[in-house]
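Reviewing the structure listed below.
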């Protein structure tokens, strides 16, 4: 079928739908609707460009990627109108009341929708569905302001699919009510509306394809036509001689970096010296083929060579690479071969081939991730990430789809292979661990150049089917804009789910630059909420941007409604930045749970600082009547009790797992007090009651059960459920500072010696109430200074041996030297015996005293207060000064501490008061 005939058929299919109504306008068909609103968007672009977060790109490219009014790859000018239209359809007859979603969720990455297109971070849509079903009703408006690939939009539409809801383990009544595992009605079947916003045009592009209505048959026909033409134009690129005049098709080739021997300056092909021919495994050490020097990769010197870049019309210095192996298919079998004369002739032909089609030549931005390809291989422009062969295929594909009716759907095939067809693809034996290294622009010394033709064909087979699930234009609204400047009506959103960027984990705008260069619209990263030296953004700038974002979320969320924040970061400083930003904006945190995505990323599996589980923060916006009531009660005790009643109303009444009741930490007096204080302080209000009076008052005003406070209408339900469980997990320790954090870790390890990854998610939950002044060391430092790790070499320590033999049947009655015990116990942290503990304490005390000395230096010659510090270091320093009768140091440092810290810490107060007496103050 010719392209003109194909286009005509597609147009006829679209126009056959009949009249389309959109935002009060009626059009003959969807094509007319799109054309009308694109012209309207064109008129609005001059004003929209003044809005912060507007992407970098030409007007025509922005219009081409947009499908207005619901999808715009720029700040969406129709948001107000869309939200108002949706709101008119909402059912507001029932009073809204939800407890925080407390279940720990485990949803893997094996769903075909999730796997369709890669991205740096994604939350499975089925995991998000659980939150949407819990917190929202059909027709409710959901916001995801860091939407990425749009899984929240997919989840919102999937809430109308009974089959998918049942796959989550829920049942559905005849009336469309959703029932949990205990047959309790908690939700209804029905599509939710969603607003998806992200700063990245690449994220928008992927999200738009996931969330738009796609005709599978129509898209398959278009793909087949395009791929047929592509094959005809590009098949010559992947031919290699088999035997005689027989030719096979190349699956992939292997390219090797070339280095100099540091001893004799002889050129060495890395493949020849570092790869074992028999097993194709990499050697850690190898010999120079010329002088027999023992070498490793770190002491090799890279060979650079000048090449003339036709695209740039200049000579550039690039790392020298050599073709070393070809994997090809002949008939139904695969073969491996070294390149021959015919292959080198083909490479020469490719190198001399002039590409007439457009392809991106953008200069790489200065960034954290772009340093490696620039420094290691001389890659400074986007097209240099590709071999000439891959570039010919991708540019030809772009030419074929550029003016197609289904341009954006077809471009999904290009972005789907844009990374895998680059020089980022690592060669490894049997493909194990290969592919581009996630979250980086790392160029390997041995790269696998896969067939771009095959890659597009493979990707094309799954896209139409995987994206053809039921969805409708008008249920999801997409916008490219910054979360710090959301253009939404106040109090218009029913629920917010976000998976925000976390500190310096991933440099989204840098990594998306490759995709966006092909899309010809790029991120304006001035308001990107990350930590990045090149963007001059540190923790303070990151927290400021996150605070602005949460302030916007607070404005647009309806009172009494919820926000869920999915959190994945190994640093407590980032955790505290997020928590502080949320509370400063006005949100009140009610629960922290775990989200296990099952299959970890490369870093999650191998890095010692990776987080195995993501944490999920549930917080709510206070109801207006409570806010107004507290404003009237300023400077009175009643303000605190109004807050407590409001907070208790939002908390779960009972948490039980496998016959064991658990303490609900948020209901304990100490945490209720912390929440109350934070609420007042964040709003510039005086704290109306002391901690001691609060402890007395809460017991007088509220029913107490197992150390927890309840409202009168809640306690009966708790009592009933409490009688049905046999066990109760006591809350034995509250982590408030470094000392209590160490004790908490000690308790965890005494019960179960465990790895750092196992310990980390629970540790992050416990430290959310750390005081602002407390400079808490990272978990790694606390472990190294106070506990021991088993390396698997010596006999298994008694504590680990006792735990394993008690909890694993197959490990019982084994000697401590047994290899099975060693393997199971390896990398577990444990509490050392008294002798080793004493040695650790001495080392820790030296470290704390060094920290104390730095505080003394910091306050020398000025009158500034210490704003953040390790309380344990102050305690240790005071203890040493006291023993040396250096009372002046205790008083001098004590005066620079916040008064509240001195007053609430019994040890510091003791040393400070006594030192003042000694020097006659």
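The values are calculated or read from the model by the stated rules, or taken from the named source; none is laboratory data. Being a predicted model, the structure only gives us computed values, none of them experimental. Reconstructed Cβ throughout: ideal geometry from the backbone, glycine too, with neighbour counts over all protein chains shown.
Looking at the structure I just gave you, is residue 768 under 25 Å from the mean Cα position of the chain (by Cα) and either surrounded by 15 or more Cβ atoms within 10 Å (Cβ to Cβ) or free of Cβ contacts under 8 Å to residues at least 24 places away in the same chain (or both)? If you could, list the steps in order and put the result at the bottom.
Details: under 25 Å from the mean Cα position of the chain (by Cα): yes; either surrounded by 15 or more Cβ atoms within 10 Å (Cβ to Cβ) or free of Cβ contacts under 8 Å to residues at least 24 places away in the same chain (or both): yes.
Yes; evaluated as a whole, the condition is true for this residue.
Looking at region 235-278, which of the residues that are assigned to a helix (DSSP H, G or I) and crowded, with 20+ Cβ neighbours inside 10 Å is modelled with the lowest pLDDT?
So in region 235-278, the residues assigned to a helix (DSSP H, G or I) come out as 235-238, 270-274.
Of the ones still in play, those that are also crowded, with 20+ Cβ neighbours inside 10 Å are 237-238, 270-271, 274.
Numbers: 237: 97, 238: 97, 270: 96, 271: 96, 274: 93.
Result: 274.
Mind listing whichever residues of region 29-55 are outside any helix (DSSP H, G or I), closer than 19 Å to residue 487 by Cβ and in contact with a strand residue (DSSP E or B) (Cβ under 9 Å, 6 or more places away or on another chain)? Step through it out loud before you land on a result.
Of all residues in region 29-55, those outside any helix (DSSP H, G or I) come to 29, 49-55.
Still in the list and also closer than 19 Å to residue 487 by Cβ: 49-55.
The answer is 53, 54, 55.
Could you run through region 321-337 and say how many residues are surrounded by fewer than 17 Cβ atoms within 10 Å (Cβ to Cβ) and touching a helix residue (DSSP H, G or I) at 6+ places or on another chain (Cβ under 9 Å)? Give the steps one after another, and end with the answer.
Here is the first cut: in region 321-337, the residues surrounded by fewer than 17 Cβ atoms within 10 Å (Cβ to Cβ) are 322, 330-337.
Of the ones still in play, those that are also touching a helix residue (DSSP H, G or I) at 6+ places or on another chain (Cβ under 9 Å) are 322, 337.
Residues flagged as surrounded by fewer than 17 Cβ atoms within 10 Å (Cβ to Cβ) and touching a helix residue (DSSP H, G or I) at 6+ places or on another chain (Cβ under 9 Å) within region 321-337 amount to 2.
Take region 139-169 and flag every residue that is part of a loop (DSSP other than H, G, I, E, B), surrounded by fewer than 20 Cβ atoms within 10 Å (Cβ to Cβ) and at negative phi.
The answer is 160, 161, 168.
Residue 306 passes all but one of (1) in a strand (DSSP E or B); (2) within 18 Å of residue 446 (Cβ to Cβ); which number fails?
(2)
Restricting the search to region 634-647, which residues are outside any helix (DSSP H, G or I) and modelled with pLDDT of 85 or more?
636, 637
Among the residues of region 507-527, write down those that are assigned to a loop (DSSP other than H, G, I, E, B) and surrounded by fewer than 22 Cβ atoms within 10 Å (Cβ to Cβ).
So the first thing to find is which residues in region 507-527 are assigned to a loop (DSSP other than H, G, I, E, B), and the list is 507, 520, 523-524.
Those that are assigned to a loop (DSSP other than H, G, I, E, B) and surrounded by fewer than 22 Cβ atoms within 10 Å (Cβ to Cβ): 520, 524.
Among the candidates 368, 441, which residue alone is in a loop (DSSP other than H, G, I, E, B), surrounded by fewer than 20 Cβ atoms within 10 Å (Cβ to Cβ), in contact (Cβ under 8 Å) with a residue 60 or more places away in the chain and within 27 Å of the chain's Cα centre (by Cα)? If you could, list the steps in order and put the result at the bottom.
On the way: 441 fails: surrounded by fewer than 20 Cβ atoms within 10 Å (Cβ to Cβ).
None of the others qualify; the one that does is 368.
I'd like the full set of residues that are outside any helix (DSSP H, G or I) and surrounded by fewer than 16 Cβ atoms within 10 Å (Cβ to Cβ), limited to region 845-897. Walk me through it before giving the result.
To start, the set of residues in region 845-897 that are outside any helix (DSSP H, G or I) comprises 860-870, 884-886, 896-897.
Result: 860, 861, 862, 863, 864, 865, 867, 868, 884, 885, 886.
Given the options 113, 82, name the one that is assigned by TED's automatic domain parsing to the domain that holds residue 69 and either over 30 Å from residue 439 (Cα atoms) or modelled with pLDDT under 90 (or both).
Working: 113 fails: assigned by TED's automatic domain parsing to the domain that holds residue 69.
Sole residue among the options that is assigned by TED's automatic domain parsing to the domain that holds residue 69 and either over 30 Å from residue 439 (Cα atoms) or modelled with pLDDT under 90 (or both): 82.
Which one of 648, 672, 685, 615 is surrounded by 15 or more Cβ atoms within 10 Å (Cβ to Cβ), in the same structural domain as residue 494 (by TED's automatic domain parsing) and in contact with a helix residue (DSSP H, G or I) (Cβ under 8 Å, 6 or more places away or on another chain)? Break it down stepwise before answering.
Numbers: 648 fails: in the same structural domain as residue 494 (by TED's automatic domain parsing); 672 fails: in the same structural domain as residue 494 (by TED's automatic domain parsing); 685 fails: in the same structural domain as residue 494 (by TED's automatic domain parsing).
Within the list 648, 672, 685, 615, the selection yields 615.
State which residue is farthest from residue 383 (Cα to Cα) when the search covers only region 395-410 and only residues that are out of contact with any helix residue (DSSP H, G or I) (no Cβ under 6 Å at 6 or more places or on another chain) and outside any loop (DSSP other than H, G, I, E, B).
Within region 395-410, the match that is farthest from residue 383 (Cα to Cα) is 408.
Only one of these conditions is not met by residue 747: (1) surrounded by 15 or more Cβ atoms within 10 Å (Cβ to Cβ); (2) assigned to a helix (DSSP H, G or I). Which number is it?
Result: residue 747 passes all but (1).
Quick one: count up the residues across region 340-354 that are in contact (Cβ under 8 Å) with a residue 40 or more places away in the chain and part of a loop (DSSP other than H, G, I, E, B).
Qualifying residue count, region 340-354: 2.
Can you pull out the residues in region 259-307 that are touching a helix residue (DSSP H, G or I) at 6+ places or on another chain (Cβ under 8 Å) and more than 28 Å from residue 329 (Cβ to Cβ)?
Result: 259, 262, 283, 286, 287, 288, 289, 295, 297, 300, 302.
Take the residues in region 531-569 that are over 27 Å from residue 620 (Cβ atoms) and assigned to a loop (DSSP other than H, G, I, E, B); name whichever of them is farthest from the chain's Cα centre (by Cα).
Among those residues, the one meeting the criterion is 536.
Residues of region 205-221 being crowded, with 24+ Cβ neighbours inside 10 Å and more than 17 Å from residue 157 (Cβ to Cβ), which ones?
Correct list: 205 only.
One line per residue, one yes/no per condition, for (1) in contact with a helix residue (DSSP H, G or I) (Cβ under 6 Å, 6 or more places away or on another chain); (2) in contact (Cβ under 8 Å) with a residue 24 or more places away in the chain; (3) not in a helix (DSSP H, G or I):
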| position | (1), (2), (3) |
| --- | --- |
| 117 | yes, yes, yes |
| 131 | no, yes, no |
| 137 | no, yes, yes |
| 181 | no, no, yes |
| 187 | yes, yes, yes |
| 209 | yes, yes, no |
| 213 | no, yes, yes |
| 219 | yes, yes, no |
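Condition check ((1) at pLDDT below 85; (2) within 36 Å of the chain's Cα centre (by Cα)) across all residues:
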| position | (1), (2) |
| --- | --- |
| 816 | no, no |
| 827 | no, yes |
| 839 | yes, no |
| 858 | no, no |
